[in-house]
Amino acid sequence: MSTTTPALTIPPFPREGRVRQRFVFRSEWTKLISLRSTRWSLFAAVVLTIGLPALFAVVTATHWAHMSAHDRADRHPLDIALAGVNLSQLAVGVLGVLAITGEYSTGMIRASLIAVPKRLPVLWGKLGIFGLVTFVLALPSVLIAFFVSQAILEGHHILQISFGANGVARSVIGGAVYLTMLGLLALAVGAILRNTAGGIAVFAAIFFVIPPLLDILPTSWHNAVAPYLPDAAGRSIFSLTHDAHSLAPWPGFALFAGYTAVAIAAAAVLLTRRDA
């Protein structure tokens, strides 16, 4: 006696599935905030951005009476307020690299690219969410750092500077813009290299190794090259004063944005070609 097994049929979907960018953004948001490294890195960036200026302001206010005229001249209130940006950029840059290389190291990138076959929406989603999170945290941090440091230095009128003074608002807000753009550049470097150690090494070389090495060059060479490096070009947006050997705020920021755009374009091309 034989039995007939009925054929198994899968009913068709009522409509063809479609990947929407807002769903990719939501997915990238979930992945970003669910990582412990993200929370710690962002927490470190906020603490450094606010804590270092407060610490430097306390030290300056405490030792002001014993400082020489030369030391006092080196204590600009805006440099104190934005001191934390110089160190928090390390946390932001490392997190930018990890935001994408972490998926390659765990293999999760395969699931992401299967879910989004066109590839590029994944990159846009990561860039958009990471940039938004960085700016939303960086902007209030630099504003708090400015007003807290000014409150600590209230007893020294020479160190008081108004937020509405010429260039001050641009410098303070520019600190947050700089951190955001730096994070996007680091993420793009991570997407290009697909390796955490390599991405962090390249990021560190660009912002922490190459600029000091230029000091060994002859002065004329240093002055001709240094202003056009990503580090110096990006910093011009939150520097209050500029000399003959540095770029003006907006041209410098435009150059820094250009570096970031080139890195993102390279990441997009490689993502579509290598992972197709």
Taking only the Cα positions of the stretch 81-240, the convex hull volume per residue in Å³ is 136
Going by how many other beta carbons lie within 10 Å of each one, how would you line up 49, 134, fewest first? 134, 49
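In units of 2.2 N^0.38 Å, what is the alpha-carbon radius of gyration of the chain?
1.27
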Return the tail of the calculated pair distribution for the stretch 162-230, meaning the percent of Cα-Cα pairs more than 20 Å apart. 50
Just from its helices, what would the mean residue ellipticity at 222 nm be for the chain, if runs of 4 or more DSSP H residues each count -39500 (n - 2.57) and the sum is divided by every residue, rounded to the nearest 500 deg cm²/dmol? -23000 deg cm²/dmol
Going 7 Å from the Cα of residue 23 toward and past its Cβ, which residues in the stretch 123-141 have a backbone nitrogen under 20 Å from where you end up? 123-129
Here, residue 119 and residue 36, labelled 7 Å along Cα→Cβ, have an inter-label distance in nm of 3.4
So which DSSP H runs in the chain come out at 18 Å plus along the axis (Cα) with average Kyte-Doolittle of at least 1.0? 36-63, 83-106, 120-152, 168-193, 249-274
Max mean-square fluctuation residue, GNM over the chain, Cα-Cα springs under 10 Å, options 100, 206, 173: 206
A correct fewest-to-most ranking of 71, 215, 79 by other Cβ atoms within 10 Å would be 215, 71, 79
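Laboratory data are not the source of any read-out in this text; all were calculated from the coordinates shown. A quick note: this is a predicted structure, and the numbers were derived from the prediction, not measured. Reconstructed Cβ throughout: ideal geometry from the backbone, glycine too, with neighbour counts over all protein chains shown.
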